[in-house]
Amino acid sequence: MLVDWGVKSIAKDKNTGSIAKVEAMIAHYQPDVMVVENTSIKPFRRFPRIRALSKRIIRLAESRGVTVISFSREQVRRAFFADGQGTKYALAEMIAKRFPDELSFRLPPKRRPWMTEDSQMAIFDAMALVLAFRLKRRERPIA
Amino acid sequence: MTTPQLPNYLRANRKRLALSQDEVAFLLGAQSGTQACRHERFVRAPSLETALAYEVIFKRSVSELFGGLYQKVEREVAERAKMLIDRKDRKTNRQSARKREALTELAIT
């Protein structure tokens, strides 16, 4: 069951504001595990600010006793598509079908080359990470 | 062992219906979204009437919407049931047997 989902936006000092939001969410939901995108794989695909934010989030979560798991974009794709070749939108469609009540109406229209990415896609990116983690955990043999 | 739940799932259910906190507050008969916000953040527990209004709005039972709170209450009732059983009721009539049966059932939940 999905407990919460959405997009938060920060106007000024984005990283500090983001950390404060993440800290509040950890305090509220007290998660055991946090799944994040691995932004430190070369060649870097994320801006330095995002990479720095990611590191700060990981440090914060670990300091609160939360286990942090990270997946690269490629690992996420491979978890869902046998050949690892599916598009981001195809993945978002799969997730929307998996959670029709919660997410189907949040799926933006397919992006055209001249369009900027809809902020709602961040929800599907986050869900892809969570589902990749769950798929990976199921693969693990029972010790 | 049951999985620990959050005190309530009001936010998830509100988002599922794409309602804002102000809209939920209006349906609850509250002045603003502040009350709904406090319930969602586990700061305050709603009154019985408001809890039932949530059940009407989200079409989920109160025990489901307030899963964590329900678990807590269930545990506390079970503890009290054990205490009642321990207050040795030596009567052996059918009424006492029925009572013991009901309390035992409560104590093992």
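The values are calculated or read from the model by the stated rules, or taken from the named source; none is laboratory data. What you are looking at is a predicted structure, and each value in this text was computed from that prediction instead of being measured. For neighbour counting, all protein chains shown are included, and Cβ atoms are generated from backbone atoms with ideal geometry for every residue, glycine included. All accessible areas refer to the heavy atoms of the entire protein, side chains included, with ligands and DNA or RNA removed. Shrake-Rupley method; radii C 1.70, N 1.55, O 1.52, S 1.80 Å.
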Exercise. Which three lengths, in whole Å and largest first, does the range A:21-143 cover when its Cα atoms are put on their principal axes?
Worked result: 41, 39, 34
Problem set entry | Summed buried accessible area for B+A [probe radius 1.4 Å, Å², rounded to 100] | 900 Å²
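Based on the Cβ-Cβ distance of B:A18 and B:E105, what FRET efficiency does E = 1/(1 + (r/R0)^6) give at R0 = 45 Å, to the nearest 0.05?
0.65
Could you please state how large a percent of the accessible area of the protein assembly as shown is carbon and sulfur, counting protein chains only and using a 1.4 Å probe? Don't skip to the end; give the middle numbers.
Working: 9360 of 17440 Å².
Carbon with sulfur: 54 percent of the solvent-accessible area.
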For this session: If a/c stays under 1.5 just call it rounded; otherwise compare a/b with b/c (prolate if a/b is bigger, oblate if not). Do that for the range A:72-143, with a ≥ b ≥ c from the square roots of the Cα gyration tensor eigenvalues.
Result: prolate
Exercise. How long is the range B:44-86 along each principal axis, judged by its Cα atoms, biggest number first, in Å?
Worked result: 42, 16, 14
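Compute the signed sum of charges (Lys and Arg +1, Asp and Glu -1) over the other residues within less than 12 Å, Cβ to Cβ, of B:K59.
On the way: positive: B:R16, B:R60; negative: A:D101, B:E55, B:E64.
Charge balance near B:K59 sits at -1.
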Exercise. Among the residues of the range A:1-16, which ones have their accessible area go down by 30 Å² or more when all the protein chains sit together, as opposed to their chain alone (1.4 Å probe)?
Worked result: A:M1, A:V3, A:D4, A:W5
Exercise. Rounded to the nearest whole Å², what accessible area per residue is found for chain A with the 1.4 Å probe?
Worked result: 68 Å²
For this session: Give me the lysines in straight-line cross-link reach of A:K55: C-alpha distance below 17 Å, same-chain residues under 8 apart excluded.
Result: A:K14, A:K21, A:K42
Problem set entry | Per residue accessible area in Å² of chain B, where ligands, DNA and RNA are left out and the probe is 1.4 Å | 71 Å²
Exercise. So which residue, out of B:R14, B:R41, B:R98, gets the largest mean-square fluctuation from a GNM of chain B using Cα contacts under 10 Å as springs?
Worked result: B:R98
For this session: Using packing as a proxy for protection, rank B:77-87, A:119-129 so that the peptide with the highest average count of other Cβ atoms within 10 Å comes first.
Result: A:119-129, B:77-87
Exercise. What residues qualify as long-range amide H neighbours of A:I69, i.e. H under 5 Å apart, gap of 5 or more or another chain, H built at 1.01 Å from N?
Worked result: A:M34, A:V35, A:V36
Exercise. Which percent of Cα-Cα pairs in the protein assembly as shown sits in each 5 Å bin, short to long?
Worked result: 1, 5, 9, 12, 14, 15, 12, 10, 7, 5, 4, 2, 2, 1, 1, 0, 0
Exercise. At a Förster distance of 35 Å, what's the computed FRET efficiency of A:R64 paired with B:T92, Cβ-Cβ distance as r, to 0.05?
Worked result: 0.05
Seminar exercise, completed: Summing -39500 (n - 2.57) over every DSSP H run of at least 4 residues in the protein assembly as shown and dividing by its residue count gives a helix-only mean residue ellipticity at 222 nm, to the nearest 500 deg cm²/dmol, of -17500 deg cm²/dmol
Problem set entry | For the range A:26-56, residues shielded by at least 30 square angstrom of accessible area compared with the chain on its own, probe 1.4 Å | A:H28, A:Y29
Exercise. Taking the Cα centre of the protein assembly as shown as the origin and placing charges on Cβ (Lys, Arg +1; Asp, Glu -1), which of A:F80, A:M121, A:V7 is farthest toward the positive end of the dipole?
Worked result: A:F80
Seminar exercise, completed: Losing no less than 30 Å² of accessible area (probe 1.4 Å) relative to the isolated chain, the residues of the range B:13-27 are B:K15, B:R16
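Relative to the present Cα-Cα distance, how much length would full extension add between A:E74 and A:K21 at 0.36 nm per residue of separation?
Extra length from A:E74 to A:K21 when fully extended: 16.3 nm.
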